[in-house]
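This report refers to the structure that appears directly beneath it.
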Amino acid sequence: MKKFFLGAIFLSFLNIGTSTASEILMSLKPIFDLFRSNEIAAWDRYNGNVFQVVGNVELIDSDNTQIVVKTGEQRLRCLYSPRDHLNIVDLKINGPIAVKGPLQLSKDLGNLYLTINNCRVLGRHEYRTREDIFNYKKYKRSEIEKLNEEKRIENIINSEYY
């Protein structure tokens, strides 16, 4: 019985630690474009699937526990839970944000509305913005250039002595 109990606790930890792979959306425009061209395809592709959306904070509403994320001209409502309090405290209006959860599409009077219920507000260390990706590529490029320059100087030095 004791082994069974310990095994159940171990399996519960495994279940907590699993994470769902999700596609990262830097823009919501493809969803709206697909919705305009083929509404059924948009519902099939996006509704209920887990996505990570990166954008800017437009509104933090503590009364309704929601954050409005803006990417370009499109908006997404994120209904957060108190478990992400520490990440939410760091947010600023127009500052970067990443949220993750199952996307829910709804339609009213022909307009498309995007919501993530019980969404996770990711901390700064849990996502990368376009600027981060650009800076990382720039850093890698400069590192490669430094290595190439070091090799070139080493070859010059070696060729002069031999």
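The values are calculated or read from the model by the stated rules, or taken from the named source; none is laboratory data. These numbers were taken from a predicted model, which means no experiment stands behind them. All Cβ positions, even for glycine, are placed from backbone atoms using ideal geometry, and neighbour counts span all protein chains on display.
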Query raised in the report: Mind checking whether some residue in segment 89-97 is β-branched (V, I, T), assigned by TED's automatic domain parsing to the domain that holds I24 and assigned to a strand (DSSP E or B)?
Result: yes
Query raised in the report: Taking interchain pairs and intrachain pairs at least six residues apart, which have beta carbon atoms under 9 angstrom, with the first residue in segment 98-115 and closer than 17 Å to E58 by Cβ and the second of a type in the set (G, A, S) and in a loop (DSSP other than H, G, I, E, B)?
Result: A98/G123
Query - Residues of segment 76-99 classified as surrounded by 16 or more Cβ atoms within 10 Å (Cβ to Cβ), more than 16 Å from I31 (Cα to Cα) and charged (D, E, K, R), total - result: 1
Query raised in the report: Filter segment 117-162 for residues that are at pLDDT 80 or above and touching a Phe, Trp or Tyr at 6+ places or on another chain (Cβ under 9 Å); which is farthest from I24 (Cα to Cα)?
Result: N118
Report summary line: The residue that is surrounded by the fewest Cβ atoms within 10 Å (Cβ to Cβ), considering only those in segment 50-75 that are under 20 Å from L34 (Cβ atoms) and in contact with a Phe, Trp or Tyr (Cβ under 9 Å, 6 or more places away or on another chain), is E73
Query raised in the report: G48 passes all but one of (1) without any contact (Cβ under 8 Å) to a residue 12 or more places away in the chain; (2) not in a helix (DSSP H, G or I); which number fails?
Result: (1)
Requested in this report: Output the residues belonging to segment 86-117 that are in contact with a strand residue (DSSP E or B) (Cβ under 9 Å, 6 or more places away or on another chain), farther than 15 Å from N47 by Cα and not small (G, A, S).
Outcome: N87, I88, L91, K92, I93, N94, P96, I97, V99
Report summary line: L79 meets each of (1) out of contact with any Cys (no Cβ under 7 Å at 6 or more places or on another chain); (2) in a strand (DSSP E or B) with one exception, condition (1)
